[in-house]
1. How many residues are surrounded by fewer than 21 Cβ atoms within 10 Å (Cβ to Cβ) and either of a type in the set (A, V, I, L, M, F, W, C) or within 19 Å of A120 (Cα to Cα) (or both) when one looks only at segment 60-100?
2. When you scan segment 240-263, do you find a residue that is crowded, with 21+ Cβ neighbours inside 10 Å, farther than 30 Å from T74 by Cβ and within 17 Å of the chain's Cα centre (by Cα), even just one?
3. Looking at (1) of a type in the set (A, V, I, L, M); (2) surrounded by fewer than 17 Cβ atoms within 10 Å (Cβ to Cβ); (3) farther than 20 Å from A48 by Cα, find the lone condition where A305 falls short.
4. Inside segment 260-276, can you point out the residues that are touching a Gly at 6+ places or on another chain (Cβ under 8 Å) and within 13 Å of L47 (Cα to Cα)?
5. For T267, indicate whether it is modelled with pLDDT under 90, β-branched (V, I, T), part of a helix (DSSP H, G or I) and farther than 20 Å from G71 by Cα.
6. From the list G107, G94, which residue is in a helix (DSSP H, G or I) and over 17 Å from I270 (Cβ atoms)?
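The values are calculated or read from the model by the stated rules, or taken from the named source; none is laboratory data. Just so you know, these numbers come straight off a predicted model, no measurement behind them. Positions of Cβ are generated from backbone atoms using ideal geometry, with glycine treated the same way; all protein chains shown enter the neighbour counts.
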Amino acid sequence: MARSVSAAQPPETTASPALAPAPPAPAAGPAPRRAAVAALGPVGLVLAAGVSVQFGAALAVLIMPKAGATGVVTLRLAAAAVVLLLVCRPKLRGHSRADWGTVVAFGVAMAAMNGFFYQAVDRIPLGAAVTLEVLGPLALSVLVSRRLVNLLWAALALAGVALLSGHGGGFGSLDLVGAAFAVAAGAMWAAYIVFSARTGRRFPQADGLALAMAVAAVLSLPFGIAEAGAELLVPGTLALGAGVAVLSSVLPYTLEMLALRRLPAPTFAIMMSLEPAIAATAGFLVLHQALSATDALAIALVVAASMGAVRS
């Protein structure tokens, strides 16, 4: 992308307390503590979102034999849209054409990200899929920074991907189609980061998220019906789909959008770099997808590369 998300935030949102006039000596102690507590809020939101979305993805894999990958996406987005529209009750009037354009772009990115990702986890392990997916935010940070050192971090990430797709590990030789879907999901993840921040600034509370989720649900509905048909209406499948929607869409997207209002894009990207490790843990605990030492090293390399690229 041409710029970071934080570039468009108001100065009062992104300004560091260190830029303010120096406080009197007696107040110097509490001020840093207050700043640290304030900074912990959005960081905790992003971590909680990561845990929620990855364990929700593991639950979604369990539903795929019944509803298929596209059917699960439809259940997830439709249930999330209904919940958010009922809770937020967003206003449809009073928004500019640019506002609606941002919401539609956010919804398209969300639908594509989910669709590609679930096609990926239907073919390759969850940890591997998220490791490849996180290359999207990594590429975003590299393009924004335009620093030569980030090429070294990108090379480190590629080394991790090479280990991940090699023979002999727990992941074995990855299905190329599944890997391609994961990479495409990563590209949409980068777009999601940008348009989520823009939507959060244009709409109050989670109104923009609710509208974007409705757009994503409408886009995915024809594909879900074509693949799953009447299976989407089975009570058990609906209940599991609702659980996936809450864990993977309603809760994490809301937390992330709230966090993006107070975090610059690079900081957000650093936190999102932990997603592969969280996903591998969820895959192990819920889906019994074991990791070899090579797999763990590959994931660690991608996580380290993502964090290093953003920090540099």
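1. Going through segment 60-100, the residues surrounded by fewer than 21 Cβ atoms within 10 Å (Cβ to Cβ) turn out to be 62, 64-66, 82-83, 85-100.
Next, from what is left, pick out any that are either of a type in the set (A, V, I, L, M, F, W, C) or within 19 Å of A120 (Cα to Cα) (or both): 62, 64-66, 82-83, 85-88, 92, 98, 100.
Of the residues in segment 60-100, 13 are surrounded by fewer than 21 Cβ atoms within 10 Å (Cβ to Cβ) and either of a type in the set (A, V, I, L, M, F, W, C) or within 19 Å of A120 (Cα to Cα) (or both).
2. yes
3. Evaluating A305 over (1) of a type in the set (A, V, I, L, M); (2) surrounded by fewer than 17 Cβ atoms within 10 Å (Cβ to Cβ); (3) farther than 20 Å from A48 by Cα leaves (2) as the failure.
4. The first filter runs over segment 260-276 and keeps only residues touching a Gly at 6+ places or on another chain (Cβ under 8 Å), leaving 260-262, 271-272, 274-276.
Within segment 260-276, L260, M271, M272, L274, E275, P276 qualify.
5. Working: modelled with pLDDT under 90: yes; β-branched (V, I, T): yes; part of a helix (DSSP H, G or I): yes; farther than 20 Å from G71 by Cα: yes.
Yes.
6. Values: G94 fails: in a helix (DSSP H, G or I).
That would be G107, the only listed residue that is in a helix (DSSP H, G or I) and over 17 Å from I270 (Cβ atoms).
Rundown of residues vs (1) at pLDDT 80 or above; (2) in a helix (DSSP H, G or I); (3) basic (K, R), yes/no style:
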{"residue": "A120", "(1), (2), (3)": "yes, yes, no"}
{"residue": "I124", "(1), (2), (3)": "yes, no, no"}
{"residue": "V142", "(1), (2), (3)": "no, yes, no"}
{"residue": "L163", "(1), (2), (3)": "no, yes, no"}
